[in-house]
Amino acid sequence: MNIIVWLIVGGVIGWLASLLMNTSGQGVLMNVVIGIVGAFIGGYLIGPLVGGSSTINAQDFSLASLVVSLLGAVILLAGVKLLRRATG
């Protein structure tokens, strides 16, 4: 049951990040991937800066973990946009 919640929350995080970065239209599967990978990035880059807050990947669904995961997903999409712009 936890994996279903994890996928749903990851999809919502990815969708919100896509809206914030103007990269909508990627589809549900890509939003889930963005949310989950963004949570890993947020956990490594942002988590230690805000007092060791965990992410959705650690089964912690607090407001702080959702914000850290969202910021990680935004960082991921910003990096992808930068790479796309640099390559053509």
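The values are calculated or read from the model by the stated rules, or taken from the named source; none is laboratory data. The shown structure was predicted, so the numbers you read here are calculated from the model rather than taken from an experiment. Surface accessibility is based on the protein's heavy atoms, side chains included, excluding ligands, DNA and RNA. Shrake-Rupley method; radii C 1.70, N 1.55, O 1.52, S 1.80 Å.
The mean of 1/r over all distinct Cα pairs in the chain, once inverted, gives the Kirkwood hydrodynamic radius of 12.6 Å. Surface exposure of the chain, expressed per residue as accessible area with a 1.4 Å probe, stands at 60 Å². In the context of the full protein assembly, SER24 retains an accessible surface of approximately 90 Å², using a probe radius of 1.4 Å and ignoring ligands and nucleic acids.
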